[in-house]
Amino acid sequence: MGTDRSWMKTSLNLRGINMKILKRVCLTFAVALLLVGVISAQKTWEKPYKKWSKDDAMKIVTTSPWAATYQSINGSAAASQSQIARNQTDTVNGGGNGRNAGSFDRNAGPAPVVFRLHSGRPIREAIQRGREIAAGYDKMDDQKKQEFDASGKGFLDCAICKDYYVVSATKFPDPTSGSVDEGILQGSTLNDLKGNVWLVNDKGEKREIFQFTPPKRAGDSAYMFFARKDENGSELIRADTKSFKLLFNNNFFLSSNPYAALMPSSMEFKVPQLLVGNKLEF
C-alpha cells in the first residue's frame, strides 16, 4: 500500500513537472513566433531596395509604418451595404452563379485615401523600385542600369526633404474601372489649406502647412510640405518624439469643401516604427 502511494506521489510530481515543461515550451514557442513576425516585418525595408519584389514595394507604400490608409465612415458603410446587396443578388441560391459574390462596388461611396510619409526614404525607394520593375530594370545591362539610376537620383535624394517634412495623399482608383475620377485635393490651393492642415507631435508642438502641390492629373498625388525647424532651429520630430499626427481642423470640413467627405480629422504615425537602424526616416 505504501509502495502504491509512493508511486502515485511520484507520478503526480512528474505530471506537475511535465506540465511546467509544457507551459515553458508553449511560452517559448509563442515568443519565437512573435519574434519571427517582427523580424519578417522589418526585413523588407532593412534590406537594399533593389532586392525588393513588386509585393515588397507595394506593401511599403500601402501598409508600412510610412503609410496609412483612410476610408471615410460614409464610404465604408456604403461599400458594406453594396457588398451585402451584391452577395444577396448573386448567390447560387438567389439564381446567380456566385461569380460576383463578395466583390466590392467602390462607386457606392468615397474611395479610400492613402497618406505616405514621402520624406521618409523607404517610401521613395519603394516608388523607385516599382518604376524599376515596370521598366524591366533587373534584365538591363550595366550601362542601361546606370542611366536609369541617374534618372532617378534626384527623386531618391529629395533635396527639399532636408528642410521639409513631406506628406503625400493619394486616392485609390476605382476597382471596376481602374481609374480615378479626380485626384485628392486636385482643386485645392495653398490658401485653402493654410490654417487648416498641421503636423502635430505628441507634446502638442505643431507646424502649419508651408507649401502645397496639388495633383496635375487624376491619378497623381497631392503633396503637403511642413518646415522641419521652428524659428529656434528645433525640429518638430526628434528622437524623444513618440508619435505625431497629420491634423485637419474643423474649418477643413465645411460643407463647401468638396474633399471633406474623403478626409480624416487626423492620421497618426508612431516615430519608433520609423527607425531604420538608428536613423529616423522622415
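Brief remarks on what is shown
- When the C-alpha to C-alpha distance is required to be over 31 Å, the pairs from K139/K229; K47/K194; K144/K270; K54/K270 that qualify are K139/K229; K47/K194; K144/K270.
- One compactness figure for the stretch 226-282 is 1.46, namely its Cα radius of gyration divided by 2.2 N^0.38 Å.
- What the phi angles of the stretch 265-278 give under the Karplus curve with 6.51, -1.76 and 1.60, with θ = phi - 60°, is a coupling list of 6, 6, 10, 9, 10, 8, 5, x, 7, 9, 8, 10, x, 10 Hz, glycine and proline written as x.
- Between the C-alpha center of the stretch 123-153 and that of the stretch 237-271 there is a gap of 33 Å.
- Above-threshold pairs, the threshold being 28 Å between Cα atoms, out of K162/K203; K153/K242; K59/K245: K153/K242
- Theoretical FRET efficiency, 1/(1+(r/R0)^6), r = Cβ-Cβ of K144 and D55, R0 35 Å, to 0.05: 0.90
- Separation in nanometres of the label points that stand 7 Å from Cα toward Cβ, at E235 and V276: 1.5 nm
Readers should treat all values here as calculations from the given coordinates under stated rules, not as data from a laboratory. Values in this document were obtained by computation on a predicted structure and should not be read as measured data. FYI the Cβ positions are ideal-geometry reconstructions off the backbone, even for glycines, and counts take in every protein chain you see.
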